[in-house]
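Student: Pasting a structure below so you can have a look.
We did not get these values from a lab; they are worked out from the coordinates using the rules stated. Treat the numbers as computed from the prediction; the structure is a model and nothing was measured. Note: ideal-geometry Cβ built from the backbone for every residue, glycine included; neighbour counts use all protein chains shown.
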Amino acid sequence: MARLAVWLVRLAPLDRPGLFSLALRAVVRPGNQVGQVLAALGLGLSTLCAMTQVEANFRQAFVNDIPRTAPDFFFVDIQPDQLPAFLDTARSVAGVTRVETSPMVRGRIVRLNGVLPEEAEVGEEARWAVSGDRGLTYAAAMPEGTRITAGQWWPPDYAGEPLVSVDESIAKGLGLGLGDTVTINVLGREVTARVASLRRINWLTLGINYVFVLSPGSLDGAPVTHLATAYTDKSAGSAPGEAVFAAVTDRFPNITAVGIGDALTDVMAVADKVATAVAAAAAATLVTGMLVLVQTMAQGLRRRAYETVIYKVCGASRRAILTVLTLENALLGLLAGLMALAVGTAIAWGFTVFFMELPFAVFAGPAAGIVAAATGLTLVFGLAGTFRMLSKKALPYLRND
């Protein structure tokens, strides 16, 4: 990283007259302090940068983006004979913009291509899908927003062998592909379905999504309940949500309502605790780096004293010398900040996109803070003792050396 930083500085015109060019040449000269400054501040600032960018993207998703498109409530355990009355009740509430429902059957995956799940090669990311009962559904038409990545959806009037559409990431973890079979146990009855398609699910919509969607007729005779989501006009505040909650729960005591807002609040509370812990660790690393930076700058004081003498002998004013030293330290800090920003942002991007599966954007505020912190720390510790050196005469140094 130090070589890369020096290479970037060398791209600037170093042969021009002026104090700034003099500071640039001081940064890239043999024996420069770029490596020491990067080593002192790099780890702490990179960690801090990664943490702040991940947290900013997480908050953007769960505080700003998701609540705008997520339903206000999930309604669980709606009995088939209650569904028409439930829909009438929910849709009659002022401010309710949309109500979606889906049949749901509880079942357990008992075989994958004829092999018991505990004997099959199942990835850790998909093990939950074969642990205990899962919510299953069936549908004739392809659900709105479905993105098929392999295979094809069955016709609306399909009436053949049981087929199933599986979430692509879970299918990969279960070792399933097109044409493979999944055997599901529903209250003692086993249904073996062939994988007809794989689809990509956007779980961040927080709408009704199922890992396994079966073709019509596959679950005939199984005990069915219905799951529903209610969406309200967000510009009207919380009043429509409270009204639909009261209307449904008052009329149907057996139906359970789950507020999405409460769930998101719980998620953010956990995220805040994790972010605080990571920030504390990054701060501790940064403090250690500051101590190393102090030692590095202290070791360079003698060299700076000689540089100051040379500047004075060449006729440089005290103000010009201070300007060159300030620019040199600012450039060192800027390089350290930019390198830490690049490394930290790359880590944050990988973690956000591949682990959290969220969209990633670079937030300028935290990024600027990292660069400013690196520049400020290097200036403070780099210029420590400079004023004392400037006040000394050059003659004693010339006599001794």
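Student: Would you list THR146, THR256 from fewest to most Cβ contacts within 10 Å?
Tutor: THR256, THR146
Student: OK, next. Starting from the Cα-Cα distance between GLU190 and THR323, subtract it from 0.36 nm times their residue separation and give me the gain in nm to one decimal.
Tutor: Full extension of this stretch gives 39.8 nm more.
Student: Going by C-beta contacts inside 10 Å, put TRP153, TRP128, TRP203, TRP349 in order with the fewest on the left.
Tutor: Exposure proxy ranking, most exposed first: TRP203, TRP128, TRP349, TRP153.
Student: Okay, next question. If I model a spin label as a point 7 Å beyond the Cα along the Cα-Cβ vector, how far apart are those points for LEU116 and THR205 in nm?
Tutor: 3.8
Student: Separate question: Rounded to the nearest 0.05, what FRET efficiency is calculated for ALA364 and ASP250 with R0 set to 56 Å and r the Cβ-Cβ distance?
Tutor: In this case the efficiency is close to 0.70.
Student: On to the next question. Starting from the Cα gyration tensor of the stretch 220-302, multiply each eigenvalue by 5, take the square root, and state the resulting semi-axes largest first in whole Å. Write down the numbers at each step before the final one.
Tutor: Numbers: eigenvalues 625, 57, 19 Å².
Output for the stretch 220-302: semi-axes of 56, 17, 10 Å.
Student: Separate question: Give, in nm to one decimal, the length gained when the segment between VAL294 and ILE148 is fully stretched (0.36 nm per residue of separation minus the Cα-Cα distance).
Tutor: On the way: separation 146, 0.36 × 146 = 52.56 nm, distance 5.78 nm.
Working it through step by step, the gained length comes to 46.8 nm.
Student: Continuing with this model, one more query. Please find the FRET efficiency linking ARG91 to ALA140, where r is the Cβ-Cβ separation and R0 is fixed at 25 Å, and quote it to the nearest 0.05. Don't jump to the answer; show the numbers that get you there.
Tutor: On the way: r = 23 Å, r/R0 = 0.90.
The pair ARG91/ALA140 has a calculated efficiency of 0.65.
Student: Counting other beta carbons within 10 Å of each Cβ, put VAL278, VAL164, VAL191 in order, fewest first.
Tutor: VAL278, VAL191, VAL164
Student: Oh, and also: What do you get for Rg/Rh over the stretch 80-253 if you use C-alpha atoms and the Kirkwood form of Rh?
Tutor: 1.02
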